[in-house]
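Q: So that we are looking at the same thing, I have put the structure below in structure tokens.
The values are calculated or read from the model by the stated rules, or taken from the named source; none is laboratory data. Just so we're clear, the structure is a prediction, and the values are computed from it rather than from any experiment. Glycine also receives a Cβ, built like all others from the backbone with ideal geometry; neighbour counts cover every protein chain displayed. With ligands, DNA and RNA removed, areas are computed over all heavy atoms of the protein, side chains included. Shrake-Rupley method; radii C 1.70, N 1.55, O 1.52, S 1.80 Å.
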Amino acid sequence: MYYVARVDEEKCATYKCKQCTLFCPEANTLMFDEERNTAYVNEPRCKGCALCVYVCSDLLKRDCIEMVMVTAEE
Amino acid sequence: MGLRYVQPAPGFKEYLPKDYVDLIDFGPFGKEVDVQHLGDFKEILEEHPMCAGCWMAYFVRVFYASLPNPEDTIVLGTAGCARLALSQAAVPFIYGNYGDTNAVASGLTRALKIRFPDKTKDVVVVAGDGGLMDIGFSMTMHSWFRKEKFTTIMVDNEVYGNTGGQESGMSPKGVQLKMAPKGKKFEKIPATELAKQAGCVYVVKLSPTSVKRTAKVIRRAILAARHFGPTFIHAYTSCNIEYSIPTEEVLKDAREREKKDFGFEEYMTDEVREFFEEIEKKKEVKK
Ligand SMILES: Cc1ncc(C[n+]2csc(CCOP(=O)(O)OP(=O)(O)O)c2C)c(N)n1
Ligand code: SF4
Ligand SMILES: [Mg+2]
């Protein structure tokens with residue numbers, strides 16, 4: 001089991017702000033899908049730091065990202 | 001090195017790993033990418049073992065996305081945390097012995113000028129506070145005195161992170177670290193002042209809280225080093241482990257330090273200023 005960030009894509013698509021993607025410390029991890037207008041997490045690369053949650057919730061008050069526990073099979 | 005070496009030979013592409021093919025199709029080689037589009041393109045930095053939420057890892061990510069010419073760049077690092085990520089990118093990386101990065105970079109820059117007189121090759125050192133201001137101090141200073149034309153970037157986490165928390169010349173006065181239990185007795189070394197005195201033509205101190213500004217500074221430092229002389233960036237890249245910063249708060253910490261003692265400072269010689277004004281004018285004409 002490990003901890004990863006997950007984006008509420010419907011909610012995120014209403015903002016299209018692309019701010020979290022600029023602050024993730026990992027490359028090719030928190031990506032933006034231009035077609036669906038939402039950020040999404042490449043989960044196997046996420047290290048679970050929750051910096052993106054700080055950007056989305058604390059700085060921007062948008063609450064589109066939450067940390068979730070996943071298992072390897074998921 | 002060079003665009004020709006990055007592109008796969010015809011018929012070979014289908015056999016290459018997906019990450020490499022993505023890099024050719026959606027990566028930054030041969031085009032100018034805007035760092036504000038991070039998350040839209042394939043980055044040259046790959047997975048690496050730096051800690052979760054590490055601000056130095058974040059800086060390395062922005063650094064690679066900011067290179068003006070990644071296909072013609074050589075990065076030099078040394079013992080210390082940053083090389084764990086620096087070595088995992090699609091850019092040639094040289095691991096200097098601890099302390100000698102700037103001596104190696106001096107020789108390399110000169111050799112590249114001789115070997116490729118008609119091409120632009122960028123050499124960039126990215127090393128820690130211990131690597132550049134303690135053990136590598138004399139070689140860093142002498143490369144600046146000799147006006148060697150390459151960029152030095154100090155990723156300052158104010159501690160020897162990789163070896164478990166010894167104080168460095170860049171640790172702030174009074175700070176208690178695992179292996180400085182009585183608190184550090186001396187001030188932080190004034191690295192940017194030394195760089196100016198030693199002859200660097202472009203010197204910046206920053207806390208990387210704005211991607212746009214960080215990228216601009218990295219590009220400027222590399223461009224100025226091509227033509228005029230040594231350039232230096234001193235970046236605050238906290239160690240959340242040794243300074244016990246919760247990972248989700250490293251950006252908050254970087255913003256607080258920016259207000260306190262890492263406010264943005266940019267120095268350049270008149271010659272360099274004119275050069276940037278010229279480039280920026282040309283860009284506006286193109287638009
Ligand atoms: C000549 C030499 N002396 C000592 C070491 C051990 N050593 C490895 S990393 C390191 C400290 C790194 O500190 P810094 O340069 O600040 O980088 P950080 O890990 O903090 O990013 C030391 C002392 C070494 N590798 N080589
Ligand atoms: S939790 Fe950290 S590593 Fe994972 S997507 Fe968010 S910022 Fe990136
Ligand atoms: Mg250090």
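Q: Can you confirm whether A:LYS47 is buried (at least 22 other Cβ atoms within 10 Å of the Cβ) and either without any contact (Cβ under 8 Å) to a residue 24 or more places away in the chain or within 16 Å of ligand 3 (Cβ to nearest atom) (or both)?
A: Yes; evaluated as a whole, the condition is true for this residue.
Q: Okay, moving on. Could you grab me the full set of residues in the stretch B:117-146 that are in a helix (DSSP H, G or I), open to solvent by 50 Å² or more (accessible area, probe 1.4 Å) and either small (Gly, Ala, Ser) or touching a helix residue (DSSP H, G or I) at 6+ places or on another chain (Cβ under 8 Å) (or both)?
A: B:SER138, B:MET139, B:HIS142, B:PHE145
Q: I've got another one for you. Filter the stretch B:19-44 down to the residues that are among the aliphatic types (A, V, I, L, M) and assigned to a loop (DSSP other than H, G, I, E, B), then identify the one that is nearest to the other protein chains (Cβ to nearest Cβ).
A: B:LEU38
Q: Mind listing whichever residues of the stretch A:1-21 are more than 9 Å from the chain's Cα centre (by Cα) and buried (at least 21 other Cβ atoms within 10 Å of the Cβ)?
A: The answer is A:CYS12, and nothing else.
Q: Hey, can you tell me all the residues within the stretch B:229-277 that are closer than 27 Å to B:SER143 by Cβ, in a helix (DSSP H, G or I) and out of contact with any helix residue (DSSP H, G or I) (no Cβ under 7 Å at 6 or more places or on another chain)?
A: B:ASP270, B:GLU271, B:ARG273, B:GLU274
Q: To continue, here is another question. Would you point out the residue of the stretch A:48-67, among those that are small (Gly, Ala, Ser) and closer than 15 Å to B:CYS54 by Cα, that is farthest from the other protein chains (Cβ to nearest Cβ)?
A: A:GLY48
Q: Only one of B:LYS31, B:LYS42 is at pLDDT below 90 and either out of contact with any Pro (no Cβ under 6 Å at 6 or more places or on another chain) or loosely packed, with under 15 Cβ neighbours inside 10 Å (or both). Can you tell me which?
A: Being at pLDDT below 90 and either out of contact with any Pro (no Cβ under 6 Å at 6 or more places or on another chain) or loosely packed, with under 15 Cβ neighbours inside 10 Å (or both) holds for just one of B:LYS31, B:LYS42, which is B:LYS31.
Q: Scan the stretch A:32-47 for residues that are under 21 Å from B:LYS252 (Cβ atoms) and facing another protein chain (nearest Cβ under 8 Å) and report the count.
A: Qualifying residue count for the region: 2.
Q: So, of the residues in the stretch B:58-80 that are more than 14 Å from every other protein chain (Cβ to nearest Cβ) and under 21 Å from B:ASP129 (Cβ atoms), which turns out to be surrounded by the fewest Cβ atoms within 10 Å (Cβ to Cβ)?
A: Looking at the filtered set, the residue picked out is B:ALA79.
Q: Please state which of the following conditions B:VAL211 fails to meet, knowing it meets all the rest: (1) within 16 Å of ligand 2 (Cβ to nearest atom); (2) touching a Ser or Thr at 6+ places or on another chain (Cβ under 7 Å).
A: Of (1) within 16 Å of ligand 2 (Cβ to nearest atom); (2) touching a Ser or Thr at 6+ places or on another chain (Cβ under 7 Å), only one is false for B:VAL211: (2).
Q: For the stretch B:127-138, give me each residue that is under 14 Å from B:MET154 (Cα atoms) and more than 10 Å from ligand 1 (Cβ to nearest atom).
A: Across the stretch B:127-138, the qualifying residue is only B:PHE137.
Q: Oh, and also: Under the condition of being closer than 30 Å to B:GLU187 by Cα and touching a residue at least 60 places away in the same chain (Cβ under 8 Å), which residue from the stretch B:85-127 is nearest to ligand 2 (Cβ to nearest atom)?
A: B:VAL126
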